[in-house]
Each structure stands twice: as C-alpha cells, then as structure tokens.
Amino acid sequence: QVQLVESGGGLVQAGGSLRLSCAASGSILGINAMGWYRQAPGKQRELVASITIGGMTNYADSVKGRFTISRDNGKYTVFLQMNSLRPEGTAVYSCTAVRVGMDYWGKGTLVIVSS
C-alpha cells in the first residue's frame with residue numbers, strides 16, 4: 001500500500017501563488033509516476049500535472065506556463081508550484097501515485113482562488 005499526504009492548500013487571491021506538496025510513504029519502491037488532479041465543484045476530475053520517476057512531465061493545457069511539477073531527490077515527494085492562479089482554479093487538488101499498475105490517491109487539499 002502507498003499512503004499519500006497532501007499539504008499547502010488554502011485561500012489565495014487571483015494572480016497569487018501556492019505550492020502544494022505530496023509525500024508518499026509505505027510501499028514506495030516501484031512507484032513509477034506521481035501527479036496532481038483537481039476537481040472543481042460540479043465538474044469532473046481532471047489531470048493537472050504528472051511526473052514520471054524518470055522526470056518526464058505532463059501538464060494540462062490550461063496550466064502550462066503557470067504551474068510547475070517537481071520532485072525531491074528521493075523522488076517520492078512531489079510539489080506543484082502554482083503561479084498566476086485564476087478563480088477557475090478553485091478545486092480540491094488530489095495527489096496520485098501509480099505503482100505496479102495500481103493507482104493510489106491522497107485525501108486532497110482545497111484551493112480557493114478569490115477574484
């Protein structure tokens with residue numbers, strides 16, 4: 001089992017920045033990718049950004065150039081630096097990890113962007 005704990009959410013004004021963190025623990029060997037999804041009220045969950053164990057990244061078109069996903073040297077903590085936040089970025093942001101074909105999820109952290 002993999003446990004994921006997110007932190008860093010909160011309330012920010014439009015145009016501001018937040019940095020989310022996600023720490024993986026448990027059976028972390030074998031994790032080959034981690035990422036962030038978000039779900040806004042009344043909308044489907046969507047991928048925000050992901051990073052493989054080899055460092056390849058992928059971003060939703062809506063956040064390219066504003067968000068950056070990164071990981072620590074130990075590879076099992078990932079960060080999401082969110083700049084130039086917009087009100088439509090208000091959502092619950094959840095961390096995910098893929099290990100041996102299984103998806104693991106954190107409980108999520110709420111980000112509210114006020115206009």
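Could you order the peptides 82-88, 39-45 from most to least packed, using the average number of other C-beta atoms within 10 Å per residue? Could you put the intermediate results ahead of the total?
Values: 82-88: 16.0, 39-45: 10.1.
For the peptides 82-88, 39-45, the packing ranking is 82-88, 39-45.
Which of the lysines could be linked to Lys43 by a straight reach, that is with a Cα gap under 28 Å, when you skip same-chain ones fewer than 8 residues away?
Hits, sequence-local ones excluded: Lys64, Lys107.
In µm²/s, what is D for the chain at 37 °C and 0.692 mPa s, where D = kT/(6 pi eta Rh) by Stokes-Einstein and Rh is the Kirkwood radius from Cα pairs? Don't skip to the end; give the middle numbers.
Numbers: Rh = 14.0 Å.
Answer, rounded: 235 µm²/s.
Counting only C-alpha contacts under 8 Å and six or more residues apart, can you give the relative contact order of the chain as a whole percent?
Details: 286 pairs, mean separation 42.5, N = 115.
With pairs under 8 Å counted, the relative contact order is 37 percent.
Residue by residue, what Karplus-based ³J(HN,Hα) values in Hz, rounded to whole numbers, does segment 4-19 have, using 6.51, -1.76 and 1.60 with θ = phi - 60° and x for Gly and Pro?
Calculated HN-Hα couplings, in order: 10, 10, 9, 8, x, x, x, 9, 9, 7, 4, x, x, 10, 9, 10 Hz.
The numbers here are math on the coordinates, done by the rules we state, and not lab data. For clarity, every value in this text was computed on a predicted model and none was experimentally measured. When we count neighbours, we look across all protein chains shown, and the Cβ atoms used for this are built from the backbone with ideal geometry, even at glycine.
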